[in-house]
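The values are calculated or read from the model by the stated rules, or taken from the named source; none is laboratory data. These numbers were taken from a predicted model, which means no experiment stands behind them. For neighbour counting, all protein chains shown are included, and Cβ atoms are generated from backbone atoms with ideal geometry for every residue, glycine included. Note: areas computed on protein heavy atoms with side chains; ligands, DNA, RNA excluded. Shrake-Rupley method; radii C 1.70, N 1.55, O 1.52, S 1.80 Å.
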Amino acid sequence: MHIAVVEDEINDFNEIADCLSRYAKSCGCGVEFSVIHFQSALDFLDRYTPVYDAVFMDIQLPDIDGMDAAARLREKDISVPLVFITNMSNCAVRGYSVGAFDFIVKPIAYFGFAAVIARLLRFLDESNDSREMTIKTTSGVKRVRISSIYRVDVFDHKLEYSTDSGKIESWGKLKEAEERLSAFGFSRPNNYCLVNLKRVKEVNLDYILIKEERIEISRSRKKALIKAFMDYCGKKI
């Protein structure tokens, strides 16, 4: 589970990270957390790509406050779950106006924090399984879960969607598929393929690995692809 934490106080960030680590060790559900820390809301917004499973955001931040940052975030990503970390217990109404999933009040108590994480995991399981898209195939129309798509290839004027249940052929351009899927963490390693970053097992110098399939990384797209993957994995470069 990939989480962005926007928090200017390093001690508060460490407390959040410790709570996540404690939850991962004690919950018995096999979840692991990869956390990337942003001390500035503006830095977070400038670097934001829709690859996080959730965003934890302090409300009192030095550049712009968390509420304003959340409003800008919603212009980029309407659906990512947003959890506010705050010592301001009167922010609930305004928080829900920007689609806050929940609030955690400072000082952080582990068991309250764990209850929020448990709800968040249930929500993500339900929403990830239910997100679908309609693909106009060469013979009709098909609905498919976005999470089941691991790559999209273009051959002449045809698209081939590779999913966990098989391949789907469709008429169209790869750019059109990219516009539909980029908000769900898809990126292009080359000019003829689009990949689901959540399904990437490995990134090497000239290829990535998905489901034991090697996909070439072109020189012109290598920097952007590696940055997108590292951001997804919770590491700054």
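Could you grab me the full set of residues in region 156-177 that are over 24 Å from Phe229 (Cβ atoms), outside any loop (DSSP other than H, G, I, E, B) and touching a residue at least 12 places away in the same chain (Cβ under 8 Å)?
Lys158, Ile168, Glu169, Ser170, Trp171
Looking at (1) touching a helix residue (DSSP H, G or I) at 6+ places or on another chain (Cβ under 6 Å); (2) at pLDDT below 85; (3) aliphatic (A, V, I, L, M), which is the one condition that is false for Leu124?
Leu124 satisfies all of (1) touching a helix residue (DSSP H, G or I) at 6+ places or on another chain (Cβ under 6 Å); (2) at pLDDT below 85; (3) aliphatic (A, V, I, L, M) except (1).
Here are Ala69, Ala4, Ala17, Ala24: which of them is of a type in the set (A, V, I, L, M, F, W, C) and assigned to a strand (DSSP E or B)? Before you say what the answer is, go through the steps one by one.
Details: Ala69 fails: assigned to a strand (DSSP E or B); Ala17 fails: assigned to a strand (DSSP E or B); Ala24 fails: assigned to a strand (DSSP E or B).
After applying the criteria, what remains is Ala4.
Looking only at region 35-62, filter to residues that are under 12 Å from the mean Cα position of the chain (by Cα) and open to solvent by less than 30 Å² (accessible area, probe 1.4 Å); which one of those is modelled with the lowest pLDDT?
The first filter runs over region 35-62 and keeps only residues under 12 Å from the mean Cα position of the chain (by Cα), leaving 35-36, 48-55.
Now restrict to residues that are open to solvent by less than 30 Å² (accessible area, probe 1.4 Å): 36, 48, 51-55.
Working: Ile36: 93, Tyr48: 90, Val51: 76, Tyr52: 86, Asp53: 86, Ala54: 93, Val55: 95.
Residue satisfying both the conditions and the ranking: Val51.
Of the residues that make up region 18-28, is at least one within 23 Å of Lys106 (Cα to Cα) and of a type in the set (A, V, I, L, M)? Full working, then the answer.
Step one: list which residues in region 18-28 are within 23 Å of Lys106 (Cα to Cα), which gives 18-27.
Then drop every residue that is not of a type in the set (A, V, I, L, M), which leaves 20, 24.
Yes, some residue in region 18-28 is within 23 Å of Lys106 (Cα to Cα) and of a type in the set (A, V, I, L, M).
Confirm whether Ile108 is part of a loop (DSSP other than H, G, I, E, B), open to solvent by less than 50 Å² (accessible area, probe 1.4 Å), farther than 24 Å from Arg214 by Cα and touching a residue at least 40 places away in the same chain (Cβ under 8 Å).
Values: part of a loop (DSSP other than H, G, I, E, B): yes; open to solvent by less than 50 Å² (accessible area, probe 1.4 Å): yes; farther than 24 Å from Arg214 by Cα: yes; touching a residue at least 40 places away in the same chain (Cβ under 8 Å): yes.
Answer is yes for this residue.
Confirm whether Leu124 is open to solvent by less than 30 Å² (accessible area, probe 1.4 Å), in contact (Cβ under 8 Å) with a residue 60 or more places away in the chain and not hydroxyl-bearing (Ser, Thr, Tyr).
Numbers: open to solvent by less than 30 Å² (accessible area, probe 1.4 Å): yes; in contact (Cβ under 8 Å) with a residue 60 or more places away in the chain: yes; not hydroxyl-bearing (Ser, Thr, Tyr): yes.
Against the criterion (open to solvent by less than 30 Å² (accessible area, probe 1.4 Å), in contact (Cβ under 8 Å) with a residue 60 or more places away in the chain and not hydroxyl-bearing (Ser, Thr, Tyr)), Leu124 qualifies.
If I filter region 183-202 down to residues being touching a Phe, Trp or Tyr at 6+ places or on another chain (Cβ under 8 Å) and assigned to a helix (DSSP H, G or I), which single residue comes out as surrounded by the most Cβ atoms within 10 Å (Cβ to Cβ)?
The extreme case among them is Leu197.
Would you pick out the residues in region 183-201 that are at pLDDT 85 or above, of a type outside the set (Ser, Thr, Tyr) and under 15 Å from the mean Cα position of the chain (by Cα)?
If we filter region 183-201 for residues that are at pLDDT 85 or above, which is where we start, we get 186-197, 199-201.
So of that shortlist, the ones also of a type outside the set (Ser, Thr, Tyr) come out as 186, 188-191, 193-197, 199-201.
Selection gives Phe186, Val195, Asn196, Leu197, Arg199, Val200.
Return the only residue of Arg221, Arg180, Arg151, Arg143 being within 21 Å of the chain's Cα centre (by Cα), within 27 Å of Tyr52 (Cβ to Cβ) and assigned to a strand (DSSP E or B).
Numbers: Arg221 fails: assigned to a strand (DSSP E or B); Arg180 fails: assigned to a strand (DSSP E or B); Arg143 fails: within 21 Å of the chain's Cα centre (by Cα).
Step by step, each of Arg221, Arg180, Arg151, Arg143 is checked, and only Arg151 is within 21 Å of the chain's Cα centre (by Cα), within 27 Å of Tyr52 (Cβ to Cβ) and assigned to a strand (DSSP E or B).
I need the full set of residues from region 128-140 which are assigned to a strand (DSSP E or B) and loosely packed, with under 12 Cβ neighbours inside 10 Å, in order please.
In the first step, residues of region 128-140 are kept if they are assigned to a strand (DSSP E or B); the result is 132-137.
Thr134 - this is the single residue of region 128-140 that is assigned to a strand (DSSP E or B) and loosely packed, with under 12 Cβ neighbours inside 10 Å.
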